[in-house]
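The values are calculated or read from the model by the stated rules, or taken from the named source; none is laboratory data. Not measured: the values here are computed from a predicted model. Using ideal geometry, Cβ is built from the backbone for each residue, glycine included, and neighbour counts are taken over all protein chains shown. The protein model used for the area step is the full one, side chains on, heavy atoms only, and it has no ligands, DNA or RNA in it. Shrake-Rupley method; radii C 1.70, N 1.55, O 1.52, S 1.80 Å.
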Amino acid sequence: QRAVTRLAGLRVNSPAADAERLYHLVLASRRLDREDDMERWLGELEKKHPNSEWRTEALVTAAYVFLVRNETERYEPLYRACSESTPSHPQASFCHWKNTWASYLRSGEGERLFREHLRRYPDSEKVPASIYF
């Protein structure tokens, strides 16, 4: 809790340092099981640093909270934001795949997303699965 208080009150001039600060606030909120705070810090990251790699990492972290609880409606938007905001980030392929797979499981309608995954991420480890499904 002390770390959250100090990080929340810390003011930095560098946009990169501020994005990293917000990322650590997301992590701390997750660890403290404070989802509302986690989502608030994610919102601030989106507002201030929408294309930051720190935001991408924070999105993956937050999405995992909801993924393990199988709360599709909560993790899908986070994974979508991850793959769309920083498409060249190493996590973008993973995030896109998570949305593709969730869509396939939910509706059986994954063909468009499987094709999109192949086109956008031809080096992804999920290429064989995309072709298969």
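Just a few scattered comments:
- When residues of the stretch 36-52 are limited to those that are touching a Phe, Trp or Tyr at 6+ places or on another chain (Cβ under 9 Å) and assigned to a helix (DSSP H, G or I), the one most open to solvent (accessible area, probe 1.4 Å): W41
- Pairs meeting the criteria (first residue in the stretch 58-80 and surrounded by 15 or more Cβ atoms within 10 Å (Cβ to Cβ), second residue among the polar types (S, T, N, Q) and assigned to a helix (DSSP H, G or I), beta carbons under 7 Å, at least 6 apart or on different chains) are E76/N99; Y79/N99; R80/N99.
Table: residues versus (1) touching a strand residue (DSSP E or B) at 6+ places or on another chain (Cβ under 6 Å); (2) over 26 Å from Y23 (Cα atoms); (3) of a type in the set (A, V, I, L, M).
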position	(1), (2), (3)
G43	no, no, no
A62	no, no, yes
V65	no, no, yes
V68	no, no, yes
Y75	no, no, no
G110	no, yes, no
R115	no, yes, no
A129	no, yes, yes
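- Any hit, the stretch 96-106, residues being under 22 Å from P50 (Cβ atoms), touching a residue at least 12 places away in the same chain (Cβ under 8 Å) and polar (S, T, N, Q): yes
- Note on the stretch 6-35: residues that are in a loop (DSSP other than H, G, I, E, B), open to solvent by 60 Å² or more (accessible area, probe 1.4 Å) and not hydrophobic (A, V, I, L, M, F, W, C) total 4.
- Taking each residue of the stretch 107-133 that is open to solvent by 70 Å² or more (accessible area, probe 1.4 Å) and looking for partners that are not in a helix (DSSP H, G or I) with beta-carbon atoms closer than 9 Å, six or more apart or interchain, yields E111/F133; R120/P87; F133/G110.
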